[in-house]
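Below you'll find the structure, written out as structure tokens, and then a few comments.
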Amino acid sequence: RAVSTSWCPVGAAFDAKQQQLRGGAAGRETGLFGVPELSCPEGFQEAQDKALEESEQLVQKACSIPPGPETVMIFDQLSDSLCRVADLADFVKVAHPDFAFREAAEEACRSIGTVVEKLNTDVELCQSLRRLLADEIAMRSLDPETRRVAELFMFDFEISGIHLDEEKRKKAVNLNVRILDLCNEFLTGTHLPNKIDKHILPEHIRYNFTAEGNYLQVAGLHADCPDDLVREAAYKIFLYPNAEQLSRLEELLTSRNNLAQLVGYDTFAHRALQGTMAKDPETVRQFLEKLSDQLSKRTQKDFEMMTKMKMKLNPQNSKLMPWDHPYYSGVLRAERYNIDPGLYCPFFSLGACMEGLNSLFSQLLGISLYAEQTQRGEVWSEDVRKLAVVHETEGLLGYIYCDFFQRPDKPHQDCHFTVRGGRLKENGEYQLPVVVLMLSLPHSTRGAPTLLSPGMMENLFHEMGHAMHSMLGRTRYQHVTGTRCATDFAEVPSILMEYFANDYRVVNQFARHYKTGEPLPKNMVSRLCESKKVCAAADMQLQVFYAALDQIYHGKHPLQKSTTEILKETQEKVYGLPYVPNTAWQLRFSHLVGYGAKYYSYLMSRAVASMLWKQCFAQDPFDRAMGERYRREMLAHGGGKEPMLMVQGMLQKSPSVEDFVDALVSDLDQDFETFIMDS
């Protein structure tokens, strides 16, 4: 497809002066994401009914045809018909401003989720796949991707307990459905504020919290507040244990363990780690222990520096506490490198950053981003932008909806959602992938466009890494498209983009002062990069603690102690800062839902991304041949190839646990040139 007349340059679309893309094309009505039924909340029921009807026909078809490649194609169509509604609903239930839409989407997620669990224990459906896997001649005729997808579908049956008798299969379905509900309830509980009688807090700090009659609402940790007392109060109140949330977590962990054991695994972690880069809990344990050993001396130094800084600013109370770590590490960074975000923001207007991404993708991968006008009803908020992702020879690859700006009731999390997976359709056309990138950026003002802090700019690059994975993981089957791959591999493309965002050669292409047009000075970029290494060992140690806690919670059951006692023990052993009595941080650990037994993935993905950067892109971040190789070896397969084989293809070796640890630790070393320059 040639460049459409309705496309405009990406930078201009995010410029406050560019109004014509708002509100969509007049006269043309559609539903969310161009799905006609979704012009109103009731449309979810219609879309759901349609998907269920289609899935019933596909189940019958799968059970009646002889074993062959068509079996896998029908399974994938079945997966696609359900995912097209469930994935879209997954996004709408958290992000749509209209409560009725959110509620309808929540209900659709639950219904489709229940159907999926039932299909995963449907014996007749499984038999049709088993016949294929047992037929040697038919299996030999399958290409590697089709064979892997067939095996992945069989794996879904097995981890759902297909091999059990009918009574146990029903139990597995009920456990799965209960786990879905517990996850939703626990997730909601992680964000709920805690209330306290305002008279308990000293008068001079009350204004930091939202007043509600005689109560104050504490909705977060206030980690950046310079007042030690405010941070301490927020920590103790926000993390005060809630009995309902505690019993939800306990039931969730027990249910996950019961399900894992019912279907034949020792623990939930063993079940969750099948098919990942790590493969099993033992490898994760080794990785975390070896990393912790390598970090311990550096972490101690970091804590000593923070303690000195606290002593200097607050001589009466110099003991370092958990609420101090994020604040004092920030103070040390700012003091040592003078990296006030206010100095950087004017160089990072949103339009400039989008042009920077466009330029990078164009040089590295031959891809351009264009803003496309939306139809009425297609987007859920008028400031959402739709980008067409276009390859110089292959044409349109897919769409990215950019939901970048703050609004009331919008979750404060940066994330990437797959709304529709790519796949090769029966008629030979390719179903284009559709994703949403959600950020929480400030709106433009009358005098200035939206300006990003360095952290926001890095997050934008990170999320765009996920989006490119979705666009370029152009697999034949949607079951393994884009980011539908092992969790510890899925973060590699996004974290790799952070390395590009921190490279002066890349930043210099787009960082211009929005008023004067002057480029961001090189020493400011160097200072920013080096400042991130200040207290970075302690920051990484904190991540090791979270990952270790997650492994214990999903390890051997029954747990030897309460979740809070395990938190206390692990925090003091792995992290080093004291546990605070009457707090239960684990009840705010929202990643236990989506990353249960897999929180280590962030660290392992970062290790792979670091190795990729150093070996393949550090010399020339715009190397087109290397970009094409990266696409061919890693992005193109989605989840259609074993993750370690993709890493091996790119690095020309299979990294060990020690290689991962070395990669992470070497990133903490200061750059000598910058150090001398700034000294």
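The values are calculated or read from the model by the stated rules, or taken from the named source; none is laboratory data. Note that the structure is a prediction, hence the values are computed from the model and not measured. Cβ atoms come from the backbone with ideal geometry, glycine included; neighbour counts cover every protein chain shown. Accessible surface is based on the protein model in full, side chains and every heavy atom, while ligands, DNA and RNA are left aside. Shrake-Rupley method; radii C 1.70, N 1.55, O 1.52, S 1.80 Å.
Things worth noting here:
- Taken over segment 276-307, the criterion of being among the small types (G, A, S) and over 17 Å from V657 (Cα atoms) is satisfied by S296 alone.
- Residue satisfying all of: in segment 263-274; touching a Pro at 6+ places or on another chain (Cβ under 8 Å) and either surrounded by 21 or more Cβ atoms within 10 Å (Cβ to Cβ) or not polar (S, T, N, Q) (or both); farthest from K533 (Cα to Cα) among these: H270
- Here is the figure for segment 589-600: residues that are buried (at least 24 other Cβ atoms within 10 Å of the Cβ) and part of a helix (DSSP H, G or I) total 1.
- When S296, S359 are checked against the criterion of being more than 15 Å from A538 (Cβ to Cβ), part of a helix (DSSP H, G or I) and open to solvent by less than 70 Å² (accessible area, probe 1.4 Å), a single residue qualifies: S359.
- Within segment 153-163, the set of residues being open to solvent by less than 40 Å² (accessible area, probe 1.4 Å) and among the hydrophobic types (A, V, I, L, M, F, W, C) comprises F153, M154, F157, I159, I162.
- Filtered residue count, segment 635-649, keeping only those that are in a helix (DSSP H, G or I) and either over 24 Å from M540 (Cβ atoms) or of a type in the set (D, E, K, R) (or both): 5
- Among residues of segment 465-495 being aliphatic (A, V, I, L, M) and farther than 19 Å from D87 by Cβ, the one that is surrounded by the most Cβ atoms within 10 Å (Cβ to Cβ) is V492.
- If you filter segment 95-114 down to residues that are of a type in the set (A, V, I, L, M, F, W, C) and crowded, with 18+ Cβ neighbours inside 10 Å, you find that the one that is nearest to the chain's Cα centre (by Cα) is A95.
- Residues of segment 539-561 that turn out to be open to solvent by 20 Å² or more (accessible area, probe 1.4 Å) and either more than 15 Å from H270 (Cα to Cα) or free of Cβ contacts under 8 Å to residues at least 12 places away in the same chain (or both), as a count: 9
- If you check I237, I159 for being under 21 Å from Y327 (Cβ atoms) and under 29 Å from the mean Cα position of the chain (by Cα), only one passes: I237.
- Qualifying residue in segment 372-387 (condition: in a helix (DSSP H, G or I), among the polar types (S, T, N, Q), on the phi < 0 side of the Ramachandran plot and modelled with pLDDT of 95 or more): no
- Residue that is farthest from L396 (Cα to Cα) [pool: residues in segment 338-367 that are out of contact with any Pro (no Cβ under 9 Å at 6 or more places or on another chain) and of a type in the set (G, A, S)]: G342
- Any hit, segment 24-33, residues being in contact with a strand residue (DSSP E or B) (Cβ under 6 Å, 6 or more places away or on another chain), modelled with pLDDT under 95 and open to solvent by 80 Å² or more (accessible area, probe 1.4 Å): yes
- The set of residues from segment 604-620 being in contact with a Leu (Cβ under 8 Å, 6 or more places away or on another chain), open to solvent by 10 Å² or more (accessible area, probe 1.4 Å) and aliphatic (A, V, I, L, M) comprises just one member, M611.
- Residue among E304, E282 that alone is surrounded by fewer than 20 Cβ atoms within 10 Å (Cβ to Cβ), out of contact with any Phe, Trp or Tyr (no Cβ under 8 Å at 6 or more places or on another chain) and within 16 Å of D550 (Cβ to Cβ): E282
- Residue list for segment 425-467, restricted to those being touching a residue at least 12 places away in the same chain (Cβ under 8 Å) and among the acidic types (D, E): E426, E458, E463
- For first residues located in segment 142-158 and closer than 15 Å to Q478 by Cβ, partners that are of a type in the set (F, W, Y) and not in a helix (DSSP H, G or I) and lie 6+ apart or on another chain with Cβ distances below 7 Å form the pairs V149/Y477.
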